[in-house]
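Visitor: First the structure, which I've put down as structure tokens, then a few questions once you've had a look.
The values are calculated or read from the model by the stated rules, or taken from the named source; none is laboratory data. Values in this document were obtained by computation on a predicted structure and should not be read as measured data. Quick reminder, even Gly has a Cβ in these numbers, built from the backbone with ideal geometry, and neighbours come from all protein chains shown.
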């Protein structure tokens, strides 16, 4: 079948690319937005000094937020909760889903450390009421409790709860909640831009053959193939 | 090393540490209490019961004294922040907590602390106050006092989000009357809120939208002043926010626009905005959180009582979308209730909507909701049923009189919640207007007996709605059914209901009698049972009828009695002429002169039946009526503006001429 796609050579493509003007300040803002949202304080501070770009958030608040995120990532959930409450007591008071997730993480840490009796006591005193207050948590609660039933937790159906990835998941949620409470967007813009790039290329693929970027990490143009 | 919970002090132990002499112990205990209650409703309740709130409020008060005496700043600030945060958490979404905080006298202290120089203190205090103002129990803010208005303006002008947010929440909670709305407008508050809409942060925008909606509610004057040409086109900023990236902002913007639409016929009436609002709200249903829970309520406020919007929503597949969401199951009760009420509004007027509803088999899902553990959901399911059962086509086909619906519905008659009972009765009232021979199903599942029981309820709304359902049940029912109802009710109960203290109950009781005696002549004997208890009650009630509707139903009941035999007609005559006190005028003349055309009609109909030429006693009765001035009154009504009255008047006069009257 004859292709009705237009062919664009590398030369022509690069010529067109060069014609697109992007302001340095805009790219700087994107970088700063990324550093700030993800919490790279020192990098943000250095970047500010070098480029003169103003962060859209007070860098001091980033330190607090990162302390919370780190505490969750290390499994120090109780410490994380205290820190969040010092930052803004409203966050956990108005976000039952997040609060439940943090308490669930506490239970997981107790189970991980083999503190079965304490885990049961904690589940009864702290988690069961959450299930009473909100039925949608019951299923997740049951999943977590069932960890106690299995001797070999690494092979049980809910074993993924003990994975470090669970901590990271919770840490991301916490980070997002803190950012939102500070009226800042919880997602950095850069990944969205990259998504849009991929989407645009997918759309163009239907109509043309052109040098495209297949590896986002090096953004190298690869020659068009038929 | 991951931490674990070790050596946690008991709540009572913590509380005693709150009164410790050592500041270190005290502040640590305070912080611990705060951390235990945040997010934890159960703990809030248990600490509350132990008296934690007065203890914490006391610490706040003491710390204020320390501030004034300039004692140890850092420590004091810490106490202030922690105690304010704890109080705020007690008040967060927890009415018992709000009440406790107010009772402990913390409110004035919190207000004073808004002027504190320390930022963290102000933040904590502003948050606590905002939690209080989110509750219905918050003290009423008097906007009409000058210094209060100035204080509010200073709050809104603050750079701090927490403080301006507090200002907005005070407006949202306390602004109620048109006078207050106007005062806020005159003080320039709306302009300030508008600037927060356009230039503020996410939370400021959301807070502004809520406050604006409160000030606009039912106040077309303020709306037109706001939307007027001087301020540019502020409505457009709200419309833009309806397309914002954040779902909560979209919802609040829609709610604000709906308030404006409903209050003022001049704004937002074009089909474009109507369609947009419908689509945005339906799309918000997909949000898994609170926004999605509240979206159906906003949808209801948009379409309720408005056929044009219901039609547009039908075309936008609203019913399909609601059906899709209910089918998913395990809904948050608030969302479930909202969707059911939205469906009720959709089907309230248009047969096309009801057809769509029934064709999608949504009825089964609604029947399931009748047994839900949440009272709000049960009531909403009943209200939805009431709307759908207005479909005469399907009622006639006996579609609803089946066990899947009737049995759970009848069970709700015994529901612990009055509002559920009343809602169930409302749905029943429609369902029992069944034109097939299947009314007996209702009797079989004990429904009729239950209705009679409910007619004896302590709640007047339950009594009147039960009677309404019975009235519809006996409407054109066969004799056997009617006799069953009457023997269950008994004459003494029915007559006491006719004489009930509540007018709405009186009206329904009289209407029930009207339907009972309608039709077969044997049924008229009901009103004569036990020495004419019911007839007597009707007569007494008509003499002191407090509203037209009572007169209407009573007269139609008498009219039906007078359609019987001579004995019946004579009994009615006697009733019409019983004097009460020094009144020379029979209530008949009063009714004939009423402004209410239905009442006039009913009364003339009764006279028609009393003077029917074929009955031997007619001339005599006519004479009596003439002597009482009733005939001449009727003569004056030859040109009555109401056609029904005019026609019946002619019948009476025609009949009177048959007896040689001029």
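Visitor: Give A:26, A:86 a once-over and let me know the one that is surrounded by 17 or more Cβ atoms within 10 Å (Cβ to Cβ), more than 20 Å from the chain's Cα centre (by Cα) and either at pLDDT below 95 or not in a loop (DSSP other than H, G, I, E, B) (or both).
Guide: Answer to the selection: A:86.
Visitor: Given (1) within 11 Å of chain B (Cβ to nearest Cβ); (2) within 23 Å of residue A:32 (Cα to Cα); (3) touching a helix residue (DSSP H, G or I) at 6+ places or on another chain (Cβ under 7 Å); (4) touching a residue at least 12 places away in the same chain (Cβ under 8 Å), where does residue A:184 come up short, assuming only one miss?
Guide: Status for residue A:184: all satisfied but (3).
Visitor: Now for a different question. All but one of (1) within 14 Å of chain A (Cβ to nearest Cβ); (2) surrounded by fewer than 20 Cβ atoms within 10 Å (Cβ to Cβ); (3) modelled with pLDDT of 95 or more hold for residue B:159, so report the exception by its number.
Guide: Evaluating residue B:159 over (1) within 14 Å of chain A (Cβ to nearest Cβ); (2) surrounded by fewer than 20 Cβ atoms within 10 Å (Cβ to Cβ); (3) modelled with pLDDT of 95 or more leaves (3) as the failure.
Visitor: Can you tell me which of (1) surrounded by fewer than 20 Cβ atoms within 10 Å (Cβ to Cβ); (2) within 14 Å of chain A (Cβ to nearest Cβ); (3) in contact (Cβ under 8 Å) with a residue 40 or more places away in the chain is the one residue B:42 doesn't meet?
Guide: (3)
This table checks each residue for (1) surrounded by fewer than 21 Cβ atoms within 10 Å (Cβ to Cβ); (2) in contact with a helix residue (DSSP H, G or I) (Cβ under 9 Å, 6 or more places away or on another chain); (3) over 16 Å from residue B:412 (Cβ atoms).
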| position | (1), (2), (3) |
| --- | --- |
| B:328 | yes, no, yes |
| B:338 | no, yes, yes |
| B:346 | no, yes, yes |
| B:383 | no, yes, no |
| B:389 | no, yes, no |
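Visitor: What is the one condition in (1) modelled with pLDDT under 90; (2) within 12 Å of another protein chain (Cβ to nearest Cβ); (3) surrounded by 16 or more Cβ atoms within 10 Å (Cβ to Cβ) that residue A:102 does not satisfy?
Guide: If we test residue A:102 against (1) modelled with pLDDT under 90; (2) within 12 Å of another protein chain (Cβ to nearest Cβ); (3) surrounded by 16 or more Cβ atoms within 10 Å (Cβ to Cβ), just (1) comes out false.
Visitor: OK, next. For residue A:151, work out the one condition from (1) in a helix (DSSP H, G or I); (2) away from chain B (no Cβ under 13 Å) it doesn't fulfil.
Guide: (1)
Visitor: Within segment A:113-139, count every residue that is in contact (Cβ under 8 Å) with a residue 12 or more places away in the chain and either at the interface with chain B (Cβ under 7 Å from one of its Cβ atoms) or under 21 Å from the mean Cα position of the chain (by Cα) (or both).
Guide: Number of matching residues: 2.
Visitor: Could you tell me which of the residues B:75, B:118, B:71 is in contact with a helix residue (DSSP H, G or I) (Cβ under 7 Å, 6 or more places away or on another chain), away from every other protein chain (no Cβ under 14 Å), farther than 28 Å from residue B:203 by Cβ and at pLDDT below 95?
Guide: None of the other options fit; the residue is B:75.
Visitor: Select from segment B:190-221 the residues that are closer than 29 Å to residue A:186 by Cβ and outside any helix (DSSP H, G or I) and write down the one among them that is farthest from the other protein chains (Cβ to nearest Cβ).
Guide: B:200
Visitor: What's the number of the only condition in (1) within 23 Å of residue A:191 (Cα to Cα); (2) part of a helix (DSSP H, G or I); (3) touching a helix residue (DSSP H, G or I) at 6+ places or on another chain (Cβ under 6 Å); (4) within 14 Å of chain B (Cβ to nearest Cβ) that residue A:57 fails to meet?
Guide: Among (1) within 23 Å of residue A:191 (Cα to Cα); (2) part of a helix (DSSP H, G or I); (3) touching a helix residue (DSSP H, G or I) at 6+ places or on another chain (Cβ under 6 Å); (4) within 14 Å of chain B (Cβ to nearest Cβ), residue A:57 violates only (2).
Visitor: Return the only residue of B:578, B:611 being under 23 Å from residue B:524 (Cα atoms), touching a helix residue (DSSP H, G or I) at 6+ places or on another chain (Cβ under 9 Å) and buried (at least 23 other Cβ atoms within 10 Å of the Cβ).
Guide: None of the others qualify; the one that does is B:611.
Visitor: Among the residues of segment B:15-35, which ones are within 14 Å of another protein chain (Cβ to nearest Cβ) and in contact (Cβ under 8 Å) with a residue 40 or more places away in the chain?
Guide: The answer is B:27, B:30, B:31, B:33, B:34.
Visitor: Right, something else. Under 8 Å between Cβ atoms, at least 6 apart or on separate chains: pull out the pairs that start in segment A:30-46 with a residue that is on the phi > 0 side of the Ramachandran plot and end on any residue that is at pLDDT below 90.
Guide: A:39/A:62
Visitor: Return the only residue of A:197, A:216, A:204 being over 22 Å from residue B:244 (Cβ atoms) and without any contact (Cβ under 8 Å) to a residue 12 or more places away in the chain.
Guide: The match here is A:204.
Visitor: Kindly list, by first and then second residue, each pair from a residue in segment B:225-249 that is farther than 16 Å from residue B:267 by Cβ to a residue that is modelled with pLDDT under 95 and not in a helix (DSSP H, G or I), limited to pairs with Cβ atoms under 6 Å and residues at least 6 apart or on different chains.
Guide: B:247/B:287
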